[in-house]
Structure formats: structure tokens, C-alpha cells
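Student: The structure's right below; bear with me while I get my questions together.
Rule-based calculations on the coordinates, nothing more; no lab input. Since the model is a prediction, treat every value here as computed from it, not as a measurement. When we count neighbours, we look across all protein chains shown, and the Cβ atoms used for this are built from the backbone with ideal geometry, even at glycine.
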Amino acid sequence: MSEAKIIDGKKAALALREKLAQHIARYDKKPELAVILAGNDEASLIYDRNKQKAAQEAGMKCEIFHLPETVSQEELLSLIERLNADDNVNGMIVQLPLPEHISQAEVLKHIKPEKDVDGFCPVNAGLLLANSSEAIAAATPKGIMHLLKSVFPDLSGKTAVVIGRSNIVGKPLASLLLNSNCTVTVVHSKTRDIEAETRRADIVIAACGCPKMVKASWIKEGAVLIDVGINRIDGKLCGDIDFDDVKHKASYVTPVPGGVGPMTVAMLLENTFEAFLKQNNLKK
């Protein structure tokens, strides 16, 4: 079989951001995103600055609230309540993971659902599960769906296996796939034979944090592979899929980097813009 085609997330994200900028330019008032970061994790700092840069390039306002590692839960919740009450702030995200002394569940519960552009609060998670049009879908799964639909405009009847059951990717992605009429299997560390499940799938999405775990022997001929993993081996980035091993058996595959990552930021911005429209009773 010829080498798999690359699903270029960087190119797709750029196109989305450019289209978003054109929409935003039509309004005098601009969407505003608030990003909360607690601690000094360097990767998170870089990621949040990239979000801010992308938002500003799209014509949005974006403010980063950088709090110390020692910030109390009460102080963090107080900031969230202040941003909830600020009509100028349309979207809010809290960078995860949080310091160990802070309850992630409690923090996410306090974000107004209509401003929860990460899609992690219990209300949005429930609305997504119910296939409600009011749901704000988690950014990474939403980005994955965009990439999949560039290959399969109609996903009805496709079999998909999601490796990983996190609240951030695996579970919301399974809901989005089901809502698009896929037959979905979620596998995880307690699954007895993961390879048997992935070998029968049209689509395999790896989001487990295990470097190069998915091999050519794990997939069927012509499968479409989405790699959500970001790992380092000897200083080099790699995904959860062994790209070199699968590239002659898969039909399409996302690279790492340059696949799912850029889509996450693009979808955060799209969610913020859509929240802005709803909160101001505007039409696109």
C-alpha cells in the first residue's frame, strides 16, 4: 500500500482562524477570552501564550491571569466568580492540571456553562452526552471531529475505537462520535485485548499518553488514525501512534506535532466566538 496521507492539523487550524478573523472583523465589539493559570509549569505558560497570540491574531481580546502555585482554592474561585459576572468576558478556561491542593472538580463546577469554552464543566458534559445543540464541546475532541470530517464528510456507520477514557478527550470524543452515528468502542488500561478491538476499526483515535503504542499490527488496512498523544523520547516529540510503523498500512494519519494540537487552540477560539454571539444575541 502507498504511504498514508497526512491530515494536516496546522493547515486546517490556520484556515479556521482566518475564517474566524473575517467574522469577528464585522463586529464593533470583540469577543474576550480569559485564561487562568495557577503555577509556573513552563509548558503551560508557553501553551497559554500561544493561545493569547492566536486569539489576538483572530481579532479577539485575551487576558492571562497568572496565579502563584500557592494560590488558595478560595482565591481561585473568587477570580472565577468575578469573571463570571463580567459581561465583557465571553469565554473562560482554567489551565489543567491544577496544583494538588485545589479541587479540579470544584473549580470546573464554578465556571458558568455559557462561558465554559473548554467544555469541561458538568453542565456542558451532560448536554454533550444528551446531544443537545446547547452543549459547548471540549476543544480537542471538537478539533478531532473537524479533522475526521475532512476525510469522512459523513461518519454514519463507521466503526471507531478511542484509546483512553479521560474526561478531557476520551469521553467527550466518544459522545461526539456517537452523535455522528458512529459505532464507538472506548478501550483503556483494563481492556483485555485492545489490539483485537483496534484491528476491526475504520477509525482509531489514540489518547492514552503511551509513546508509540499503536503499531501496524494493531490496525486494519486503510484505517484512519488520529494521534492525540504528545510524548518525548530522547528529547524528540512523538505521539501514541508509531507513525513510521503504521504509515504504509493506514490510509490517513495525523502527525505529531502538527496534527491535533493546533486544532485545540482553533476550537477554543471558535467556542469563544460562538459564546460571544449567544451572549450578545448576534448572528454570524
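Student: Extension gain E74-Q279, at 0.36 nm per residue separation less the Cα-Cα distance, in nm? Don't jump to the answer; show the numbers that get you there.
Tutor: Working: separation 205, 0.36 × 205 = 73.80 nm, distance 2.71 nm.
Value of the extension gain: 71.1 nm.
Student: Could you tell me the calculated FRET efficiency between A196 and S156, based on Cβ-Cβ distance and R0 = 25 angstrom, to the nearest 0.05?
Tutor: Details: r = 24 Å, r/R0 = 0.97.
In this case the efficiency is close to 0.55.
Student: Only Cα pairs under 8 Å and at least 6 apart count here; give the relative contact order of the stretch 28-113 as a rounded whole percent.
Tutor: 41
Student: With no solvent and one equal point scatterer per Cα, compute the Debye intensity ratio I(q)/I(0) for the chain at 0.10, 0.16 Å⁻¹ and report its log10, rounded to two decimals.
Tutor: -0.53, -1.30
Student: When the Kirkwood hydrodynamic radius is evaluated over all pairs of different C-alpha atoms of the stretch 138-261, what value in angstrom, to one decimal, is obtained?
Tutor: After inverting the pairwise mean of 1/r, the radius is 14.1 Å.
Student: Only helical DSSP H runs with n ≥ 4 go in: add -39500 (n - 2.57) per run for the chain, normalise by residue count and round the 222 nm mean residue ellipticity to 500 deg cm²/dmol.
Tutor: On the way: 10 runs with 112 residues, N = 284.
Helices in the chain give a 222 nm mean residue ellipticity of -12000 deg cm²/dmol.
Student: Something else about it: Please sort 223-232, 59-68, 142-151 by packing, taking for each peptide the average over its residues of neighbouring beta carbons within 10 angstrom, highest first.
Tutor: My ranking of the peptides, most packed first, is 223-232, 142-151, 59-68.
Student: Same structure again: Taking the Cα-to-Cβ direction at E81 and at E57 and moving 7 Å from each Cα, how far apart do the two end points lie in nm?
Tutor: My value for the distance between the label points is 3.8 nm.
Student: Using a/c under 1.5 as the rounded threshold, could you call the stretch 1-103 rounded, prolate or oblate? The axes a ≥ b ≥ c are square roots of the C-alpha gyration tensor eigenvalues, and prolate needs a/b larger than b/c, oblate otherwise.
Tutor: Verdict is oblate for the stretch 1-103.
Student: Ranked from highest to lowest mean number of other Cβ atoms within 10 Å per residue, what is the order of the peptides 124-132, 158-166, 184-192?
Tutor: For the peptides 124-132, 158-166, 184-192, the packing ranking is 158-166, 124-132, 184-192.
Student: Hey, rough spin-label estimate for N40 and K109, points 7 angstrom out along Cα→Cβ, what's it come to in nanometres?
Tutor: For the pair N40/K109, the computed spacing is 3.2 nm.
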